[in-house]
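The block underneath contains the structure these notes are about, expressed in structure tokens.
Nothing in this text is a laboratory measurement; each read-out follows from the coordinates by a stated rule. What you see is a predicted model, and the numbers here were worked out from it, not measured in a lab. Every residue, glycine among them, receives a Cβ derived from its backbone with ideal geometry; neighbour counts consider all protein chains shown.
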Amino acid sequence: MVIKADTERSDGRKPRLSFLDNAKGITILLVVLTHVVLNCESDVNFSGGLWTYFVNTVYLFHMQLFFMISGMLFHETWPHLEKNKITGKIADKTISLMVPYFVFSLVYGIMKIILSGIARSEISPNDLIFLWLRPISVYWYIYTLALLYILFGSLQYYGRTLNAKPRSLLATGFLIAVSIVIQIVPMDASVYKTILYRVIRYAPCFALGIVLNAPVTMRYAAKIRTRKIWVIAAAVLTCSVTGLLDAKFSEYRLWVVARNLASYFLSYLIILGCFLMTKKDNGWLSWLGRNCMPVYVLHVPVIVMMKAGLKRVGIVSDWSLFCLISITAVAVPLLVQHVLRRYRPADFILYPNQYWMYGGQGGKTGREERRFKK
């Protein structure tokens, strides 16, 4: 049994792992759907019952899944770099994440100030000044991911790699313990929004992705390849039971331990399921996974504007709002990406590493890349 990957790239880089693209595609869809519900719950009947159960259940694992995937991708490239190239790789990854973070955070923050009362939460100009400390809206994920790449890239530079060895498993267990402790210990509400809290909370997911890397996943999959239904059933059961129990025990601090362990287990089950079900590049889902960054940074502004527009024309039905806004929140960012990639300044915002000194594309826009390939 081999790892499912696309064909070898023309630029000499390692081929993509299609099963991780599929996992990212699933995750970004769940992120968009939950944010549609959360942004519309004050105006329509999106609170209580099925909607609340859906959001609470997805929130148990969707960001953990993203960070675990990133850890797996980290393992595919970084351990194989020569030491003198790691610093360049850290700089490359930092630029590629922090430029979109600051640009889209500022744009969305200004939009929320202008559309005060329509967006789900209010912010002040002071929040925009402290973006380096307290990320706003969904953009905390990009900032946290950049810091995790810096952290684990630095460990890689000094020869402290994570793998399946007992010492690495103990280090990962320590990160899990620290993450759980900071969630149990009572803190001021403002602490939960700081970037340091986010890094400590999600570092175990990144570390687990490194430890449970693609070769390890391949070995597990080889043992259960004839029992795919077991993985799917275990994922559905874990998701359902944890969601139901979380509604009853979320007020108990010790429940955090079980909830975190369940989220790690469920995240890996989804990745393992994608591995078992992926025979090749699975069309639109894999493509969506490869292009999840523009969807992530743009879907919330699109949701806010669509919500305002549909309310103005009188569309207030639960399912009509949900379907229309969800489709638009995925389609519009992809369309915007397609258009912006034709122009260097806009292309730099989405993909700054293309123009960074360590990037590999020589500063070509999307249109120029297509011409070069032809």
Under the 7 Å Cα-to-Cβ spin-label approximation, LEU245 and ILE110 lie apart by a distance in nanometres of 4.8 nm
Suppose the chain between ALA91 and PHE130 were pulled fully straight at 0.36 nm per residue; how much longer would it get relative to their current alpha carbon spacing?
11.8 nm
Which of the peptides 245-251, 211-217 is most tightly packed, and how do the rest follow, judged by the mean count of other Cβ atoms within 10 Å per residue?
211-217, 245-251
TRP319/ARG227 FRET efficiency (R0 35 Å; Cβ-Cβ; nearest 0.05):
0.45
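Which whole number of Å³ per residue matches the convex hull of the alpha-carbon atoms in the stretch 199-252?
97 Å³
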Apply the Karplus parameterisation 6.51 cos²θ - 1.76 cosθ + 1.60, with θ equal to phi minus 60°, to every residue of the stretch 338-351 and state each ³J(HN,Hα) to the nearest whole Hz, in sequence, with x for glycine and proline.
4, 6, 5, 5, 7, 10, 4, x, 6, 5, 5, 5, 7, 9
List the relative contact order of the stretch 146-206 as a percent without decimals, with contacts defined as Cα pairs under 8 Å and 6+ residues apart.
39 percent
Across LYS112/LYS307; LYS112/LYS311; LYS24/LYS248, pairs whose alpha-carbon gap is larger than 20 Å:
LYS24/LYS248
